[in-house]
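Worksheet: one structure, shown below.
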Amino acid sequence: MPDPKKLRPRFVILISGQGSNMQAIVQACQSGDCAAEVAAVIASRAETAGLAWAASQGIHTVGLAHTAYPNRETFDTALAQTIDQFSPDYVLLAGFMRVLTPGFVARFAGRLINIHPSLLPSFPGLHTHAQALATGVQSHGCTVHFVTPVLDHGPIIAQGVVAVHHHDTPESLASRVLGMEHLIYPQVACWLAQGRVHLTSDQRVLVDGVTTRLFTPGQHL
């Protein structure tokens, strides 16, 4: 009899720090909600809290310090070679604070997923919560998307929305958005594991059996 675990899709998750989204995805896989295997967690720093947590769960971890490489291209080459050792079906960026080179993105095209703390295309880049408050938007959130060579750009798989309160600070808004991230990223991972996510020829996303991919607070995913 084949080992059912070996038939599961494999994820490699990339982090740079605590990796709270990584932890949410791992926990979804451990509970059986997401029928996938997290084959490895790789960090862009030699030691992170996220790596220690993943190791405590019995997951293979690699600390690949970007500072040990002379430029972005050589780091991305080493990163790609490390990822390939685990033969992943998808590479999930979960707080991976590195801008990836076009060659790296092309190598994993259609298999490279990111989560960004804004409702893209609004507020790409850093300091998204401060940007949202400065512009006076009444809703904010997060986006899970396929990665393209353009920073924080690519076909959108799902978004989660939260209201902006008049008394919000960047920190309070960030906390609510992070809670939404922990809901929708495992859900997207589940869809990926089930083979339900498809990119059309015009670079739009379809998810089999799903009519809306916008999530709100309190929604049961």
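The values are calculated or read from the model by the stated rules, or taken from the named source; none is laboratory data. Just so it is clear, the structure is predicted and the values come from calculations on it, not from any experiment. Cβ placement follows ideal geometry from the backbone for every residue including glycine, while neighbour counts extend to all protein chains displayed.
May I ask you to verify whether Asp84 is loosely packed, with under 15 Cβ neighbours inside 10 Å, farther than 19 Å from Met180 by Cβ and among the acidic types (Asp, Glu)?
Criteria met by Asp84.
So Cys142 passes all but one of these: (1) closer than 23 Å to Gln27 by Cα; (2) in contact with a helix residue (DSSP H, G or I) (Cβ under 6 Å, 6 or more places away or on another chain); (3) free of Cβ contacts under 8 Å to residues at least 24 places away in the same chain. Which condition number does it fail?
The one condition Cys142 does not meet is (3).
If you scan the range 9-54, which residues turn out to be outside any strand (DSSP E or B) and of a type in the set (Phe, Trp, Tyr)?
Of everything in the range 9-54, just one residue is outside any strand (DSSP E or B) and of a type in the set (Phe, Trp, Tyr), namely Trp53.
Which residues, taken from the range 30-64, are buried (at least 23 other Cβ atoms within 10 Å of the Cβ) and touching an Asp or Glu at 6+ places or on another chain (Cβ under 7 Å)?
none
So Ala132 passes all but one of these: (1) over 13 Å from Ile42 (Cβ atoms); (2) surrounded by fewer than 15 Cβ atoms within 10 Å (Cβ to Cβ); (3) touching a helix residue (DSSP H, G or I) at 6+ places or on another chain (Cβ under 9 Å). Which condition number does it fail?
(2)
If you check Pro170, Pro155, which single one turns out to be touching a residue at least 24 places away in the same chain (Cβ under 8 Å), farther than 21 Å from Gln23 by Cα and over 16 Å from the mean Cα position of the chain (by Cα)?
One residue alone meets the criteria, Pro170.
Out of the range 199-221, which residues are closer than 18 Å to Ala35 by Cβ and touching a strand residue (DSSP E or B) at 6+ places or on another chain (Cβ under 9 Å)?
Val207, Asp208, Val210, Leu221
Is the range 83-95 home to any residue that is in contact with a Lys or Arg (Cβ under 7 Å, 6 or more places away or on another chain), more than 22 Å from Glu171 (Cα to Cα) and of a type in the set (A, V, I, L, M, F, W, C)?
yes
Quickly run through the range 129-152 and pick out the residues that are part of a strand (DSSP E or B) and either more than 17 Å from Asn21 (Cα to Cα) or among the hydroxyl-bearing types (Ser, Thr, Tyr) (or both).
Within the range 129-152, Ser139, His140, Thr143 qualify.
Of all residues in the range 94-127, which are in contact (Cβ under 8 Å) with a residue 40 or more places away in the chain, in contact with a helix residue (DSSP H, G or I) (Cβ under 9 Å, 6 or more places away or on another chain) and in a strand (DSSP E or B)?
Correct list: Ile113, Ile115.
Based on this model, can you work out whether Leu92 counts as surrounded by 14 or more Cβ atoms within 10 Å (Cβ to Cβ), farther than 24 Å from Leu199 by Cβ and modelled with pLDDT of 95 or more?
No, not satisfied.
Residues of the range 60-91 being farther than 19 Å from Thr148 by Cα and touching a helix residue (DSSP H, G or I) at 6+ places or on another chain (Cβ under 7 Å), which ones?
Passing the criteria: Thr61, Val62, Gly63, Leu64, His66, Tyr69.
Out of the residues in the range 162-198 meeting the condition of being in contact with a strand residue (DSSP E or B) (Cβ under 8 Å, 6 or more places away or on another chain) and within 18 Å of Ala134 (Cβ to Cβ), tell me which one is surrounded by the fewest Cβ atoms within 10 Å (Cβ to Cβ).
The residue in question is Ala163.
Looking at the range 55-64 only, could you name the residues that are in contact with a Ser or Thr (Cβ under 7 Å, 6 or more places away or on another chain) and in a loop (DSSP other than H, G, I, E, B)?
Matches in the range 55-64: Leu64 only.
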